[in-house]
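Participant: Would you mind keeping the following structure in view while I ask a few things?
The values are calculated or read from the model by the stated rules, or taken from the named source; none is laboratory data. All values derive from a computational prediction rather than experimental measurement. We place every Cβ from the backbone using ideal geometry, glycine too, and count neighbours over all the protein chains shown. In case anyone asks, the SASA skips ligands and DNA or RNA and just uses the protein heavy atoms, side chains included. Shrake-Rupley method; radii C 1.70, N 1.55, O 1.52, S 1.80 Å.
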Amino acid sequence: MIRVYTAIQGRITQYKNISFEEIGRISNIIWIDLQSPTQKEKEFVEKTYKIEFFTSLEVQEIESSSRFLETEETIEINLGVISSDAELSVQNTTFILKGNTLFTYRQGDLKIFAETVRKLKSIASEMKEHGLDVFLSILETHIDSDADLIESINRKVNMISKAMIAQKSLKEDLLLGIAQLQENVMLLHETTTEKQRVVSSLIRIPEFNKIENERLKIIMKDIASLLQHSQFSSERLEYMQNTFLGLVNIEQNQVIKIFTVVTVVFMPPTLIASIYGMNFKFMPELQWISGYPLAIVLMIFSSMIFLWYFKRKKWL
């Protein structure tokens, strides 16, 4: 699907489900959005506007040169965008700035794009007729979305922390929940770091810095704040994981301690029973009338001595 956006006197207009011929007749285009396009749609945009989107292999590259490429005519950006439908995942999206037009290429629907369109329509009078304005609006929407995700993660962390304190017995689901939140925080930190590198590169471009200097600085501050919060959340989750493992060790030590006490308490009775269970012919105690009661008393007494000793040492 191809969506085309134009801006005339600060008013944005959206066109979708239109033919290739109609796209060619539209003027003042500031944004062309390709969502899960067909091969023909992709080739048409590349040929008509003389651009080239990242290939599937280039999208997966992690080098800075593969994430941000500046040429004489274009600025090409490959940015990971977080999708939070069922569970967090990262969708790589291509952004190309050529002249006053922004080109975006993505697979699947992303909420931040629809939210960006809504925002652009609501602030039409303040909108600049430049693709950079659209890209920065997408970036700001993405930052707001990431901030909401961090707040959501912090709420879940608080719930898990309270559950850890309230529960008398620790459960495996608690640890799995902490591990999942750690994975989400790492995804957020990774994509936020990518945005920081992109904005830093844009600031170094004199033309863009002149157009949106203050806005770029504010975005950098917001990104730095996100990084601080994600780092704090990561450290807090690591602390909680260590606390959980420490509590598990304490619980296991308590179980081992009980088994050790039981073993030691029953060791003297076992020794006495073993002695009088020997099959020697000459054992004077076997002829005693009170031999059996005496053996029972000895076993009970030896056990009680050890129990008294453990309690005195406060091991029980």
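Participant: Would you be able to say whether some residue in segment 146-162 is more than 30 Å from LEU245 (Cα to Cα), at pLDDT 80 or above and crowded, with 16+ Cβ neighbours inside 10 Å?
Facilitator: No, every residue in segment 146-162 fails to be more than 30 Å from LEU245 (Cα to Cα), at pLDDT 80 or above and crowded, with 16+ Cβ neighbours inside 10 Å.
Participant: What strands (runs of 3 or more DSSP E) completely inside segment 1-51 contain at least 3 residues that are free of Cβ contacts under 8 Å to residues at least 24 places away in the same chain and not small (Gly, Ala, Ser)?
Facilitator: 11-16
Participant: Condition (residue is within 30 Å of PHE135 (Cβ to Cβ), within 36 Å of the chain's Cα centre (by Cα) and exposed (fewer than 12 other Cβ atoms within 10 Å of the Cβ)) applied to segment 225-247: is it met by at least one residue?
Facilitator: Yes: segment 225-247 contains one or more residues that are within 30 Å of PHE135 (Cβ to Cβ), within 36 Å of the chain's Cα centre (by Cα) and exposed (fewer than 12 other Cβ atoms within 10 Å of the Cβ).
Participant: Return the total of residues in segment 195-214 being open to solvent by 20 Å² or more (accessible area, probe 1.4 Å), closer than 25 Å to SER83 by Cα and not hydroxyl-bearing (Ser, Thr, Tyr).
Facilitator: Qualifying residue count, segment 195-214: 2.
Participant: For the condition more than 19 Å from the chain's Cα centre (by Cα), more than 18 Å from PHE232 (Cα to Cα), in a helix (DSSP H, G or I) and among the acidic types (Asp, Glu), what is the one hit in GLU194, GLU140?
Facilitator: None of the other options fit; the residue is GLU140.
Participant: Is it true that GLU115 is at pLDDT below 80 and either of a type in the set (Lys, Arg) or open to solvent by 30 Å² or more (accessible area, probe 1.4 Å) (or both)?
Facilitator: Spelling it out, it is not the case that GLU115 is at pLDDT below 80 and either of a type in the set (Lys, Arg) or open to solvent by 30 Å² or more (accessible area, probe 1.4 Å) (or both).
Participant: Can you find, within segment 123-145, the residue that is nearest to MET220 (Cα to Cα) among those that are small (Gly, Ala, Ser) and modelled with pLDDT under 85?
Facilitator: GLY131
Participant: How about segment 276-299: which of its residues are loosely packed, with under 11 Cβ neighbours inside 10 Å and in a helix (DSSP H, G or I)?
Facilitator: Once the filter is applied, which keeps residues that are loosely packed, with under 11 Cβ neighbours inside 10 Å and in a helix (DSSP H, G or I), segment 276-299 yields PRO284, GLN287, PRO293.
Participant: Please verify whether segment 68-75 includes one or more residues that are touching a Ser or Thr at 6+ places or on another chain (Cβ under 6 Å), farther than 15 Å from GLN35 by Cβ and either at pLDDT below 80 or of a type in the set (Asp, Glu) (or both).
Facilitator: yes
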